[in-house]
There are 2 protein chains.
Amino acid sequence: MPVPKFEKIALIGIGLIGSSLARVIRREDLAQSIAISTRRPETLARARELRLGDEYHARAGDAVADADLVIVSVPVGASGQVAEAISDVLKPGAIVTDVGSTKASVIRQMAPVLPESVHFIPGHPIAGTEHSGPDAGFADLFDGRWCILTPLPATDEKALQNLTQFWERCGSKVDTMGAEHHDMVLAIVSHLPHLIAYNIVGTADDLETVTKSEVIKYSASGFRDFTRLAASDPTMWRDVCLHNRDAILEMLARFSEDLSALQRAIRWGDGEKLFDLFTRTRAIRRSIIEAGQEVDAPNFGRHAALHPQKSDVE
Amino acid sequence: MPVPKFEKIALIGIGLIGSSLARVIRREDLAQSIAISTRRPETLARARELRLGDEYHARAGDAVADADLVIVSVPVGASGQVAEAISDVLKPGAIVTDVGSTKASVIRQMAPVLPESVHFIPGHPIAGTEHSGPDAGFADLFDGRWCILTPLPATDEKALQNLTQFWERCGSKVDTMGAEHHDMVLAIVSHLPHLIAYNIVGTADDLETVTKSEVIKYSASGFRDFTRLAASDPTMWRDVCLHNRDAILEMLARFSEDLSALQRAIRWGDGEKLFDLFTRTRAIRRSIIEAGQEVDAPNFGRHAALHPQKSDVE
């Protein structure tokens, strides 16, 4: 089935995700033209320098005029403002989607504002890196990653199909689910890991007994893994925390409960309990590697990058 | 200064660290012969198949006879037994060291048992992967990583120098510090990160509202990073928890305290507090990359490994 080429795709926000979309849309020839809008003048100027689109606008409303696909890629806390800025200008029949990491809040912010004449289909590509901004994007970002769409009860089947095919052409595999379930799933697979990473890096940063230089020198023993997630975009993650509060608090409570049990096992020298947990957790990584969502090489394969002259694993 | 070549190095334990040592000792020609001992017959047989040494012994005592360097690479809980098994056979003047992740406990277990005629210098190379066993080792493992030695007050200066040079020839940079301080530093940079990783993977594994298949599919959004540490050797990590109890409990308490504050900020919608923490933690990763202890590529550079046909970051 041929994928419909969009006449004009409007990208509202041109950070890591928006600029990766711009690049893959161009590579796969998914639109006749790309309109880009972002609020910060420096970012817009950079997008222009990188030739990411065909039109560049400071105001989101100007970018969406005549667009048949509008993709909102902004911190989730800004979704409502974007909806208000574009609602009067949207072309009837256009698909409006987003890439936010929380879905119920985005729907609460955008759905009441958008006109009934457009197809609003919230979405979330499960892809990213710890880098941000228009320079950080790359066309392969979505390759082999899942994109979750959370259609509303009234969502038009044909529009959903078009958006699904769009994401597949971007390299993604597409799942659909309810917004509430999405928010619960992401709370455990993404939001809690980021919070925990931010937290442990903060704890290490505050110590008096261990110097910062020691933390840095000996970080290869485990700590450095956490610093990747803890280097993610602060505005994006502040908004995620504020906009998926209930699911995150639920997962945090479970995590803390389990951690207390682990703490107790350590205090009382319960080696069997520790061994059981440490054994059980091994299997899940194997499954993730088998599902093609993770590399098989030890240490994420980074040894080769750190030691390019020598062999990797011999 | 020429590095003294050891006549015979005995490796007690031939897992990831022991077998990496065997490989680098051979590559750098650091010994005339290598004697290997490990308790499990299958592991010893595998070491022989891999031609990791010159002699293979089921009993540690048989391996250390005539050795001038003995390196104990076993789970820290087994250190005392090894010391007892070798103490009567050790050659006077030999250097005895270990690679355990906790130092005070290893000293408590080994120092009283070893004869005064040998030089006991506890050590800990800050290097590893999530894989274990003799097949997991590789000669580059220690390249550019730190090795911490925790000499005792009576340690002979010349023996310390010889061991330092040995580790440098293995590719390491060498630091010395007190055992108590080592245990505190490692509790935050290594032991706590592993515990947290094991814990979050356990929490995700226990959920009823989110299926295991969902955790696996969407793990690229953060969770998969934690599964690497949580796939580490269970016996080794059980022993670390039991043998560095006080420092780990101290770090766990601080981590939990900080997490409670974060939880409160989320509950009360304190965006500023969240933003401040999420901004502060970014800097430390940059320092780790600049120190050569981490790769600069986004996502640990693993994108290229998952998508070998296409470009990495464009």
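The values are calculated or read from the model by the stated rules, or taken from the named source; none is laboratory data. Values in this document were obtained by computation on a predicted structure and should not be read as measured data. Cβ atoms come from the backbone with ideal geometry, glycine included; neighbour counts cover every protein chain shown.
Can you tell me which condition residue B:235 does not meet? The list is (1) in contact (Cβ under 8 Å) with a residue 60 or more places away in the chain; (2) of a type in the set (Val, Ile, Thr); (3) buried (at least 24 other Cβ atoms within 10 Å of the Cβ), and all the others hold.
Tallying (1) in contact (Cβ under 8 Å) with a residue 60 or more places away in the chain; (2) of a type in the set (Val, Ile, Thr); (3) buried (at least 24 other Cβ atoms within 10 Å of the Cβ), residue B:235 fails exactly one: (3).
Condition first: more than 7 Å from chain A (Cβ to nearest Cβ), in a helix (DSSP H, G or I), of a type outside the set (Lys, Arg) and more than 14 Å from the chain's Cα centre (by Cα). Can you find one or more residues in segment B:225-232 that meet it?
No, segment B:225-232 has no match at all.
Run down B:82, B:64 and say which single residue is in contact with a helix residue (DSSP H, G or I) (Cβ under 8 Å, 6 or more places away or on another chain) and closer than 24 Å to residue B:179 by Cα.
Residue meeting the stated conditions: B:82.
Which of the residues belonging to segment A:265-297 are on the phi > 0 side of the Ramachandran plot and either crowded, with 16+ Cβ neighbours inside 10 Å or modelled with pLDDT under 95 (or both)?
Answer for segment A:265-297, where residues must be on the phi > 0 side of the Ramachandran plot and either crowded, with 16+ Cβ neighbours inside 10 Å or modelled with pLDDT under 95 (or both): just A:292.
Can you name the residue in segment B:1-19 that is modelled with pLDDT of 95 or more and out of contact with any strand residue (DSSP E or B) (no Cβ under 9 Å at 6 or more places or on another chain) and, of all such residues, is surrounded by the fewest Cβ atoms within 10 Å (Cβ to Cβ)?
B:15
Here is a yes/no grid of residues against (1) at the interface with chain B (Cβ under 8 Å from one of its Cβ atoms); (2) over 30 Å from residue A:77 (Cβ atoms):
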| residue | (1), (2) |
| --- | --- |
| A:245 | yes, no |
| A:248 | yes, no |
| A:267 | yes, yes |
| A:271 | yes, yes |
| A:276 | no, yes |
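Evaluate the following for residue B:39: is it away from chain A (no Cβ under 14 Å) and farther than 22 Å from residue B:81 by Cα?
no
Run down B:111, B:78 and say which single residue is surrounded by fewer than 23 Cβ atoms within 10 Å (Cβ to Cβ), among the aliphatic types (A, V, I, L, M) and within 14 Å of another protein chain (Cβ to nearest Cβ).
Exactly one of B:111, B:78 is surrounded by fewer than 23 Cβ atoms within 10 Å (Cβ to Cβ), among the aliphatic types (A, V, I, L, M) and within 14 Å of another protein chain (Cβ to nearest Cβ), namely B:78.
Which of the residues spanning segment B:172-202 are more than 9 Å from chain A (Cβ to nearest Cβ) and either in a helix (DSSP H, G or I) or within 12 Å of residue B:126 (Cα to Cα) (or both)?
Passing the criteria: B:172, B:174, B:179, B:180, B:182, B:183.
Those residues that are of a type in the set (A, V, I, L, M, F, W, C) and touching a Phe, Trp or Tyr at 6+ places or on another chain (Cβ under 6 Å), I need them from segment A:63-110; list them, please.
Those that are of a type in the set (A, V, I, L, M, F, W, C) and touching a Phe, Trp or Tyr at 6+ places or on another chain (Cβ under 6 Å): A:69, A:96.
Is it the case that some residue within segment A:253-271 is part of a helix (DSSP H, G or I), touching a helix residue (DSSP H, G or I) at 6+ places or on another chain (Cβ under 7 Å) and under 28 Å from residue A:99 (Cβ atoms)?
Yes, segment A:253-271 contains at least one residue that is part of a helix (DSSP H, G or I), touching a helix residue (DSSP H, G or I) at 6+ places or on another chain (Cβ under 7 Å) and under 28 Å from residue A:99 (Cβ atoms).
Name the residues in segment B:203-224 that are in contact with a strand residue (DSSP E or B) (Cβ under 7 Å, 6 or more places away or on another chain) and part of a loop (DSSP other than H, G, I, E, B), would you?
Listed by number, the list holds a single entry, B:218.
Does segment A:227-243 include one or more residues that are out of contact with any strand residue (DSSP E or B) (no Cβ under 9 Å at 6 or more places or on another chain) and under 23 Å from residue B:240 (Cα atoms)?
The answer is yes; a qualifying residue exists.
If a residue must be in contact with a strand residue (DSSP E or B) (Cβ under 9 Å, 6 or more places away or on another chain) and within 14 Å of chain B (Cβ to nearest Cβ), how many such residues does segment A:114-133 contain?
Within segment A:114-133, residues that are in contact with a strand residue (DSSP E or B) (Cβ under 9 Å, 6 or more places away or on another chain) and within 14 Å of chain B (Cβ to nearest Cβ) number 5.
Taking interchain pairs and intrachain pairs at least six residues apart, which have beta carbon atoms under 6 angstrom, with the first residue in segment A:42-60 and assigned by TED's automatic domain parsing to the domain that holds residue A:137 and over 17 Å from residue A:24 (Cα atoms) and the second part of a helix (DSSP H, G or I) and not hydrophobic (A, V, I, L, M, F, W, C)?
Short answer, once both residue conditions are applied: A:56/A:48.
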